[in-house]
Every structure is written in C-alpha cells, then in structure tokens.
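Written out below as structure tokens is the structure these notes cover.
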Amino acid sequence: MMAPYGHWLRRRPGLVVHNGPLPDDDRLQLHGLPVLGLERTLTDVLCTSTPPDALAVADEVLAMIDPAVRERFRAEVASRLRRRRDPRGARRGARLLEVATGLAESPAESWLLWRIVDSGFPTPEVNWRLRGPDGREIRRLDLAWPELRIVVEYNGYTFHVDRTVADDARAEDLRRRGWIVITLWADDLKDPAPFERALDDAFRARGVDTSRREVGMLRGRRHRDGYLRGA
C-alpha cells in the first residue's frame, strides 16, 4: 500500500508499504476503500517495476482505456512522469510508455516486444492486419515490420500446443507472400540470443545496417534512472 511520508504504518508479513506524496487528485474511493488512481498507479509501476513487467502492465492498462481517449490518458501519464518528485526511473518509464500500445494479447507478447526494442531493433507493429487487394483481412501478425516484410510470430504453449500443423501452414503462406517469418515459442524466451541473431539476420537480408543498434534501449541506468533489479 501507499502511505504519506511520516505515517506510522510499517512493512510486515503480507503488507508492503511504500511512502510517497499523496495529492488529493491521486486518490479515489472504490467500494468505500481509498485507492490510488489509475494514472498514478501506472506512473509508479513504470518507474519501479522491472522493464518487461512494467511494459506488460502498461499494455494491459492501455487495453482497458477507450481507444478514443487512450492517447489523452497516455499524455497524462507522461506528464506525471515529467513532474514526478522522485526522478528515479522516470526516463526509463517514459520510454516504456512510448512503446506500449495496448494491443498485445498477453503479457508474453509485451515481454517479447520489450526484448525486441531493448535489443536496438525498430519498434514493430503489434497485431498488425495483413489485408488483401480488396481490403479484406488475411492474417493478423503478432509483431511485424510491414515495410520490410519481416514478422515475428509468438506461439504461446497453451494456445498453440495442438496447432503445430496450422501454425506451420500459416508461416509457409506468409513466406510465399514474400515475408521473412521468425517463429518463437515460449521456451525460446529463456535464451533469447538465437532469436536476436535470427532477427538481426532478417534485417540484414532486407538491406538494413544493424551494426549500430544500441542494446539496452529500454533499461534504466543505475546512476541515472534508479534501475535496481535485473531484467
């Protein structure tokens, strides 16, 4: 829970207490209980959680927001990050907020998006719709760079375990359409190095110079952003 500075509450088993300023516009009443507003909560998460988890939370929150006001909400959180009294993690939080789309369909997709951008690759389109000449949707691609015809398809174990034949046919169809397809399974995230090499090879095959890509784009700097835990 969050408590003002100087409050008597202390951490104990089952209760984690964070001290910080609590302006009136940060507090709401839900079912008779005082809670932090969504803007304040997301701002704190972006600054204090590990970057992959923070991005996943940001995606979940943006998915909850009406698309008509989603950018207004994002702008409010960005403003809070700039005004935050404790600057630790604010720069990293702002970068994560820019990457979040609200379109990821699972936390794992958000974690994968974090890995890609943090590895210095351009930010892909999330759940991009591939359409035919008549405008009809043919496929929805997990993470794609349409101008380069590169796609990363993430196969989570639960949904795809019995769909191997269908997934292979989908990938082959995309290759016939001129796409470079990189398929990633959940277990592959335990060692992302082969995936990063495959993605680097795909960009090079499209004539993109990746020699200067900057690794660690979405990580905090210990001396600057207060990044306390490993990613």
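Step by step: first the residues of segment 144-162, then only those that are under 23 Å from residue 205 (Cβ atoms) and open to solvent by less than 30 Å² (accessible area, probe 1.4 Å), then the one that is modelled with the lowest pLDDT. Which residue is that? Spell out the reasoning first.
Start the filter on segment 144-162 by keeping residues that are under 23 Å from residue 205 (Cβ atoms), which leaves 144-155.
In the following step, the residues that additionally are open to solvent by less than 30 Å² (accessible area, probe 1.4 Å) were identified as 144-145, 150-155.
Details: 144: 97, 145: 98, 150: 98, 151: 97, 152: 96, 153: 93, 154: 90, 155: 85.
Filtering segment 144-162 for residues that are under 23 Å from residue 205 (Cβ atoms) and open to solvent by less than 30 Å² (accessible area, probe 1.4 Å), the one modelled with the lowest pLDDT comes out as 155.
Could you please tell me which pairs satisfy a Cβ distance under 9 Å, a separation of 6+ or placement on different chains, a first residue in segment 106-127 that is touching a residue at least 40 places away in the same chain (Cβ under 8 Å) and on the phi > 0 side of the Ramachandran plot, and a second residue that is open to solvent by less than 10 Å² (accessible area, probe 1.4 Å) and of a type in the set (Gly, Ala, Ser)?
Note: pairs meeting the criteria are 120/216.
Would you pick out the residues in segment 65-77 that are in a helix (DSSP H, G or I) and touching a helix residue (DSSP H, G or I) at 6+ places or on another chain (Cβ under 8 Å)?
Scanning segment 65-77 gives 70, 73, 74, 76, 77.
Can you give me the number of residues within segment 34-64 that are assigned to a helix (DSSP H, G or I), open to solvent by 60 Å² or more (accessible area, probe 1.4 Å) and farther than 24 Å from residue 126 by Cα?
Matching residues across segment 34-64 total 1.
Looking only at residues that are of a type in the set (Lys, Arg) and either at pLDDT 95 or above or in a helix (DSSP H, G or I) (or both) in segment 86-113, which one is farthest from the chain's Cα centre (by Cα)? Explain how you work it out, then say what you get.
Taking segment 86-113 first, the residues of a type in the set (Lys, Arg) are 88, 91-92, 95.
Within this subset, residues satisfying the condition of being either at pLDDT 95 or above or in a helix (DSSP H, G or I) (or both) are 91-92, 95.
On the way: 91: 15, 92: 12, 95: 10 Å.
It comes out as 91.
Could you list, in sequence order, all residues of segment 198-215 that are loosely packed, with under 10 Cβ neighbours inside 10 Å and more than 21 Å from the chain's Cα centre (by Cα)?
If the condition is that a residue be loosely packed, with under 10 Cβ neighbours inside 10 Å and more than 21 Å from the chain's Cα centre (by Cα), then 207, 209, 211, 212 are the ones that fit.
Restricting attention to segment 176-197, and to residues there that are touching a strand residue (DSSP E or B) at 6+ places or on another chain (Cβ under 7 Å) and open to solvent by 40 Å² or more (accessible area, probe 1.4 Å), which single residue is modelled with the lowest pLDDT?
Among those that are touching a strand residue (DSSP E or B) at 6+ places or on another chain (Cβ under 7 Å) and open to solvent by 40 Å² or more (accessible area, probe 1.4 Å), it is 185.
Go through the residues of segment 78-85 one by one and say whether even a single one is touching a helix residue (DSSP H, G or I) at 6+ places or on another chain (Cβ under 9 Å), surrounded by fewer than 22 Cβ atoms within 10 Å (Cβ to Cβ) and not in a helix (DSSP H, G or I).
Yes, segment 78-85 contains at least one residue that is touching a helix residue (DSSP H, G or I) at 6+ places or on another chain (Cβ under 9 Å), surrounded by fewer than 22 Cβ atoms within 10 Å (Cβ to Cβ) and not in a helix (DSSP H, G or I).
Looking at (1) part of a loop (DSSP other than H, G, I, E, B); (2) open to solvent by less than 30 Å² (accessible area, probe 1.4 Å); (3) in contact with a Phe, Trp or Tyr (Cβ under 8 Å, 6 or more places away or on another chain), which is the only condition residue 141 fails?
(1)
Name the pairs whose Cβ atoms lie under 7 Å apart, with the first residue in segment 194-206 and outside any helix (DSSP H, G or I), the second surrounded by 13 or more Cβ atoms within 10 Å (Cβ to Cβ), and 6 or more positions between them or separate chains?
206/148; 206/150
The values are calculated or read from the model by the stated rules, or taken from the named source; none is laboratory data. A quick note: this is a predicted structure, and the numbers were derived from the prediction, not measured. Reconstructed Cβ throughout: ideal geometry from the backbone, glycine too, with neighbour counts over all protein chains shown. The protein model used for the area step is the full one, side chains on, heavy atoms only, and it has no ligands, DNA or RNA in it. Shrake-Rupley method; radii C 1.70, N 1.55, O 1.52, S 1.80 Å.
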